[in-house]
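Engineer: Please read through the structure below; I'll follow up with questions.
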Amino acid sequence: MRRMWFQVHKWIGLLLAVAIIPLSLSGAALVWHDALDQAVNPQRYAVSGDNLLAPEVYVAAARPRLTAGEAIAQLTLPAEHGMPVVVAAARPGKTQAGPPARTMVYLDPATARVLDVADSRNGLVRTLHVLHGSLLLPGVGRTIVGWIGVAMAFSCFTGLWLWWPTVGRWARGLRWRRHNNTDTNLHYLTGFWIALPLFILSLTGAWISFPAFFGGLVGEAPRRPPVDRSAKPLAAPALALGTVVERAVSVGKGELRSITWPTNKRADWTLAFAQGERTANVTVGDDSGIAAAAPQRGPQNNVARWMRRIHDGTDMGALWQVIIFLGGVIPALLGVTGVIMWWRARGWKAELKRRQQVARETAFAAK
């Protein structure tokens, strides 16, 4: 059994090492994606204050930075101190796979000064998200990442089996110098301590990649509605933005967080109001001007939501975020040390085979 598990563990590591290393390191970086974006793009967060202006002021400031044919799709107001106002504009052209292409205009909340203009599909953080979610492979990438998660979960089990000392108590496995080589000791010891968190991260990653399959196991269908990528925001809605906000505020309660423009498929404005941990939406008909409260959305405590929170560390506390970070860095270390161990084993096995051949030839000559 041990020999069989060794072969399974070895070939999972060798065959997937090229994919596991970038997948793990990108996941480790994304644990603190907001801080990373601020470090890479400090100009976007150079705000002068948190006092908010009227939404139409931000829209007016963003329009001159848009190109011909771009139509504003959403306005997002900051939910935290030091965050900018963001205006997202849809681009004209053919619909492509993946998230819709948007021109993002970042504005100072206190002055409506434009801080930065960027493409939603470019940038380091966006690239890391795509790398971690699909290995930059459109179409099949998400499925490949899901199967890598399944393989990694199985590798954690086989790794623990191989870590268990064959002689003496299990505590012998916690010794640093189980072998003469530093890389082998690193592989055994770090592999043991990260095995359980890595199993959890691998399982939750597979769950995110295959929501229909895993949701069916717990009797939970995916709740995210399909995105209509052909919907285009109206460039010239019938209602003025100020009128929309005024009518929505008369119905909604809480702090205004975002405004979504009507489209050619749905003639409703959607305004989101934060009410503690809940979000309440108010729709305003662009054709009728009638404001109505949509069904209130509470925190999603379903299994799929918990799987995502566990995987990316959202609202899970600093300790778990550190563990997730290590769960991204250490697999890369395990991949490198595993390849080194395999390469070294090839050398001494070849030498052993050569000596055995010499011994057989010597024995044959002596006869």
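Engineer: Sort out which residues of segment 166-186 are open to solvent by less than 60 Å² (accessible area, probe 1.4 Å) and either part of a helix (DSSP H, G or I) or closer than 15 Å to L333 by Cβ (or both), and write them in order of number.
Structural biologist: Result: A171, G173, N181, D183, T184, N185, L186.
Engineer: Provide a single number: the residues in segment 3-15 that are surrounded by fewer than 19 Cβ atoms within 10 Å (Cβ to Cβ) and touching a residue at least 24 places away in the same chain (Cβ under 8 Å).
Structural biologist: 5
Engineer: Collect the residues in segment 301-313 that are of a type outside the set (D, E) and either open to solvent by less than 50 Å² (accessible area, probe 1.4 Å) or in a helix (DSSP H, G or I) (or both), keeping them in residue-number order.
Structural biologist: Across segment 301-313, the qualifying residues are N302, V303, A304, R305, W306, M307, R308, R309, I310, H311, G313.
Engineer: Keeping to segment 121-165, report how many residues are in contact with a helix residue (DSSP H, G or I) (Cβ under 7 Å, 6 or more places away or on another chain) and either within 30 Å of V47 (Cβ to Cβ) or open to solvent by less than 40 Å² (accessible area, probe 1.4 Å) (or both).
Structural biologist: Selection size over segment 121-165: 24.
Engineer: Tell me which of these V244 doesn't satisfy, since it passes every other one: (1) modelled with pLDDT of 95 or more; (2) within 26 Å of the chain's Cα centre (by Cα).
Structural biologist: (2)
Engineer: Mind listing whichever residues of segment 47-95 are closer than 22 Å to G276 by Cα and acidic (D, E)?
Structural biologist: Of everything in segment 47-95, those that are closer than 22 Å to G276 by Cα and acidic (D, E) turn out to be D50, E80.
Engineer: From the list V251, V244, pick out the single residue that is over 25 Å from G13 (Cα atoms), open to solvent by less than 30 Å² (accessible area, probe 1.4 Å) and not acidic (D, E).
Structural biologist: V244
Engineer: Here is a further query. Scan segment 97-116 for residues that are modelled with pLDDT of 95 or more, part of a loop (DSSP other than H, G, I, E, B) and of a type in the set (A, V, I, L, M) and jot them down.
Structural biologist: A110, A112
The values are calculated or read from the model by the stated rules, or taken from the named source; none is laboratory data. In this text the structure is predicted, and so the values were computed from the model without any measurement. Cβ sites come from the backbone with ideal geometry, for glycine too, and all protein chains shown count toward neighbours. Please note that ligands, DNA and RNA were not included when accessible areas were found on the heavy atoms of the full protein model with its side chains. Shrake-Rupley method; radii C 1.70, N 1.55, O 1.52, S 1.80 Å.
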